[in-house]
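The structure appears below as structure tokens.
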Amino acid sequence: MKNSTNIFNLAASNYDDSFTLSDIGILQRKRVYHWLEKINFFREPKNVFEINCGTGYDAEKFTQKGHAVIATDGSEEMIAFAKKTRNKKIDFFQLPFNQLTTNKKFNQSEVLFSNFGGLNCINETELKNLTKKISDKQKQNDLLIWTLMPKFCLIESLYFIVKLDFKKVFRRNTKHSLAVNVEGTPVDTFYYSPRTIKKMLKENYTIKLAQPIAIFLPPSYMEPFFKNHKKTLHFLNRLEFLFGKISFLSNYSDHYIIIAEKR
């Protein structure tokens, strides 16, 4: 299987069209920002360090809200695209996960942000080690804001049931990686329950919030279908607004957001 960095290099030029600016991508991101507003994330300027920033969409939005943003990604093409298209105030540079905590700029930040499953690209041992190193570097009251993919997605499973593809109904519920299609190429993806992430963080962090992102909104690969069924997507978004406040449903959503504060 190809290295995920190489695959995201290939995906860089199409990523905004296929996810960021898709109907589903926009609605899912609105849910992330809904929870950021709930913790008053935009009330005062912060020094934000973003990993797996992709094309830099969130970095730009955070900058517009007054934050100072350093944004990194393992893909050189994603970073090149972001530098070319985003606010010049943002400090974009290529940085693999394993170099995060040795980077001097990270030590100056107050928030470590990772959106939409970037951390699902590393296995559990690597994630545990990364979490420990981050904890050793962060200061009291610093924040982790991560959006990850759990081990079960209700809408996805219903989709596979309708397609009579029963082998995939519980496909996320594995300790091993799952080959997820990115621009026609499989990428190793690992899924983590909210409980697993909380366990990794509990020794040094206080969990401020853990909420579903897309319990009713579909995964982004269903965009072609919902392009022709916008009323259905609008209805699902209404359900998301109504039920997306139930923390327990983080276990069954496409993504979930977890916000933790260093003690």
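The values are calculated or read from the model by the stated rules, or taken from the named source; none is laboratory data. The structure presented is a predicted model; accordingly, all values stated were derived computationally and were not measured. Positions of Cβ are generated from backbone atoms using ideal geometry, with glycine treated the same way; all protein chains shown enter the neighbour counts. Just the protein is used for accessible areas: all its heavy atoms, side chains included, with ligands, DNA and RNA removed. Shrake-Rupley method; radii C 1.70, N 1.55, O 1.52, S 1.80 Å.
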Inset, instruction - Using a 10 angstrom cutoff on alpha carbons, build the Gaussian network for the chain and name the most mobile of R31, R43, R171. - result: R43
Legend entry - Top positive-direction residue, dipole computed over the stretch 182-249 with Cβ charges, set M200, F248, I215: F248
Legend entry - Value in Å of the Kirkwood radius, where the stretch 73-135 supplies the Cα pairs that are averaged: 13.1 Å
Inset, instruction - For K168, list the lysines whose Cα falls under 26 Å from its own Cα; do not include residues on the same chain fewer than 8 positions away. - result: K2, K151, K227, K230
Legend entry - Helix-derived mean residue ellipticity, 222 nm - over the chain, DSSP H n ≥ 4, -39500 (n - 2.57), to 500: -11000 deg cm²/dmol
Inset, instruction - Mind checking which aspartates and glutamates have their Cα closer than 18 Å to the Cα of K202? Skip sequence neighbours fewer than 8 apart in that chain. - result: E124, E126, D136, D142, E261
Legend entry - DSSP bridge orientation in the chain - percent antiparallel, rounded to nearest 5: 55 percent
Inset, instruction - With an 8 Å cut-off on Cα pairs and a minimum separation of 6 or more residues, tell me the relative contact order of the stretch 123-263 in percent. - result: 39 percent
Legend entry - Length-normalised contact order for the chain - Cα pairs under 8 Å, 6+ apart - percent: 22 percent
Legend entry - Per principal axis, descending, Cα span of the stretch 98-208 in whole Å: 50, 29, 20
Legend entry - Option label - Cα extents along the principal axes in Å computed here, alternatives (1) 67, 39, 38; (2) 51, 39, 37; (3) 87, 42, 30: (2)
Legend entry - Within the accessible area of the chain (1.4 Å probe), percent carbon and sulfur: 53 percent
